[in-house]
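What follows is a single structure, written as structure tokens, with notes after it.
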Amino acid sequence: MKQQLEEIRESAHEMLAAASSPAELEALRVKFLGKKGELTAILKQMGKLSAQERPVIGQLANDVRSFIEKEISDRSEQLKAIEVKERLEKEKLDVTMPGKHHILGQKHPLSIVLDELKEIFLGMGFSIATGPEVETDYYNFQALNIPKNHPARDTQDTFYINDNILLRTQTSSVQIRVMEKQKPPIRVIAPGRVYRSDAVDATHSPLFHQIEGLVVDKGVTMADLKGTLEIFAQRLYGKDSVVRFRPHHFPFTEPSAEMDIQCFACHGQGCRLCKGEGWIEILGCGMVHPKVLSTCGIDPEEYSGFAFGIGLERIVMRRFNIDDLRLFYENDLRFLNQF
């Protein structure tokens with residue numbers, strides 16, 4: 001039995017030294033130390049030994065077990081080191097090679113200018129309000145003094161979902177929601193997408209963006225409106241920006257006006273972009289109609305206010321000297337990469 005144990009030791013030493021993979025190493029462990037392994041088979045025969053031989057053989061068997069376990073552990077570490085070395089050789093990198101340029105996303109020109117507009121109005125004490133793009137007829141029309149069968153509804157070219165639900169044609173609907181929930185003083189802007197069934201051309205799109213502005217307080221006048229918008233234009237385009245106000249009509253403001261900015265392409269001479277006028281309309285504005293204030297529970301005898309709606313796309317066109325609104329939505333990287 002002693003000779004068998006020594007033979008197991010020598011055999012294990014040679015075979016473990018030649019093992020070339022963790023799987024082969026595990027198979028040898030089972031062969032020598034498993035429940036049906038060679039060492040276990042020897043130990044099962046110890047009952048046949050005399051009382052004097054049993055401790056000697058038992059000690060030798062433990063020494064052989066410890067020897068095999070250490071051999072397995074050492075060979076396992078060797079195999080891991082070999083594997084790491086081989087992987088490093090295969091995955092070797094040339095750190096002197098130039099890196100690859102990764103194309104990173106960037107802000108869309110509409111987002112760039114919208115953020116600038118927000119900063120301008122936040123600096124003037126405005127806060128930002130939001131509202132749903134799928135709106136009810138009440139908030140989009142009726143509460144803004146545009147009742148059923150009003151001629152102004154025809155000019156909106158509205159996308160109706162049913163008789164009462166529609167895609168909002170203006171962010172003015174947000175001002176109604178704000179005035180219903182908040183009592184004066186109010187000073188908010190409401191940026192967002194709006195929808196109208198317009199023919200697509202250089203200055204029109206069925207989907208575009210507006211920034212609605214609303215101020216309601218005691219003693220607010222048309223002069224406050226004009227001064228606010230002139231400051232806005234100067235901060236966005238520079239102190240030499242030229243704007244003009246023209247009388248207009250909106251059902252929800254009285255008096256009403258449109259503000260134009262001098263065409264950047266022709267500088268007032270007239271061209272295709274401005275349709276020969278020399279000016280580009282960028283917003284409509286006016287004093288909030290007393291009936292709109294009353295509808296929202298605000299006393300028009302005590303409070304007054306002004307509102308304006310800015311067309312973001314036309315602002316961006318003026319800001320970056322872009323002559324075709326369609327470029328914003330065509331996803332042409334040659335255009336977008338310029339920003």
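The values are calculated or read from the model by the stated rules, or taken from the named source; none is laboratory data. Because the structure is a prediction, the values reported are computed rather than measured. Because the Cβ atoms are built from the backbone with ideal geometry, glycine has one as well, and the counts that use them run over all protein chains shown.
What to note about this one:
- Some residue of the stretch 231-251 being of a type outside the set (V, I, T), touching a His at 6+ places or on another chain (Cβ under 9 Å) and assigned by TED's automatic domain parsing to the domain that holds K291: yes
- N164 passes every criterion in (1) out of contact with any Asp or Glu (no Cβ under 6 Å at 6 or more places or on another chain); (2) over 21 Å from G286 (Cα atoms); (3) not hydrophobic (A, V, I, L, M, F, W, C) apart from (1).
- Conditions (1) surrounded by fewer than 16 Cβ atoms within 10 Å (Cβ to Cβ); (2) among the aliphatic types (A, V, I, L, M); (3) over 60 Å from the mean Cα position of the chain (by Cα); number of the one not met by V30: (3)
- Hits in the stretch 195-220 - residues which are closer than 16 Å to G284 by Cα and in contact with a Phe, Trp or Tyr (Cβ under 6 Å, 6 or more places away or on another chain): G213, V215
- S76 satisfies every condition listed in (1) among the hydroxyl-bearing types (S, T, Y); (2) without any contact (Cβ under 8 Å) to a residue 12 or more places away in the chain; (3) in a helix (DSSP H, G or I) except (2).
- Hits in the stretch 223-257 - residues which are within 21 Å of G305 (Cα to Cα), under 34 Å from the mean Cα position of the chain (by Cα) and of a type outside the set (A, V, I, L, M, F, W, C): T228, E230
- From the options S294, S241, S256, residue that is of a type in the set (S, T, N, Q) and part of a strand (DSSP E or B): S256
- Selection within the stretch 301-326 - part of a helix (DSSP H, G or I) and more than 19 Å from S172 (Cα to Cα): V316, M317, R318, R319, F320, L325, R326
- Of all residues in the stretch 197-209, those satisfying the criterion of being under 26 Å from the mean Cα position of the chain (by Cα) and over 21 Å from C263 (Cβ atoms) are P206, L207.
- Only a single item in (1) without any contact (Cβ under 8 Å) to a residue 24 or more places away in the chain; (2) among the charged types (D, E, K, R); (3) assigned to a loop (DSSP other than H, G, I, E, B) is not met by K183, and it is number (1).
- Some residue of the stretch 272-294 being surrounded by 14 or more Cβ atoms within 10 Å (Cβ to Cβ), assigned by TED's automatic domain parsing to the domain that holds R187, closer than 28 Å to A202 by Cβ and touching a Pro at 6+ places or on another chain (Cβ under 9 Å): yes
- E212 vs. criteria at pLDDT 85 or above and buried (at least 18 other Cβ atoms within 10 Å of the Cβ): yes
- Top-ranked residue of the stretch 309-330 - restricted to ones that are modelled with pLDDT of 90 or more and farther than 28 Å from F250 by Cβ, ranked as surrounded by the fewest Cβ atoms within 10 Å (Cβ to Cβ): E330
Condition check ((1) among the β-branched types (V, I, T); (2) at pLDDT below 95; (3) loosely packed, with under 15 Cβ neighbours inside 10 Å) across all residues:
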| site | (1), (2), (3) |
| --- | --- |
| T96 | yes, yes, yes |
| K100 | no, yes, yes |
| D137 | no, yes, no |
| R153 | no, yes, no |
| N164 | no, yes, yes |
| V178 | yes, no, no |
| K183 | no, yes, yes |
| V188 | yes, no, no |
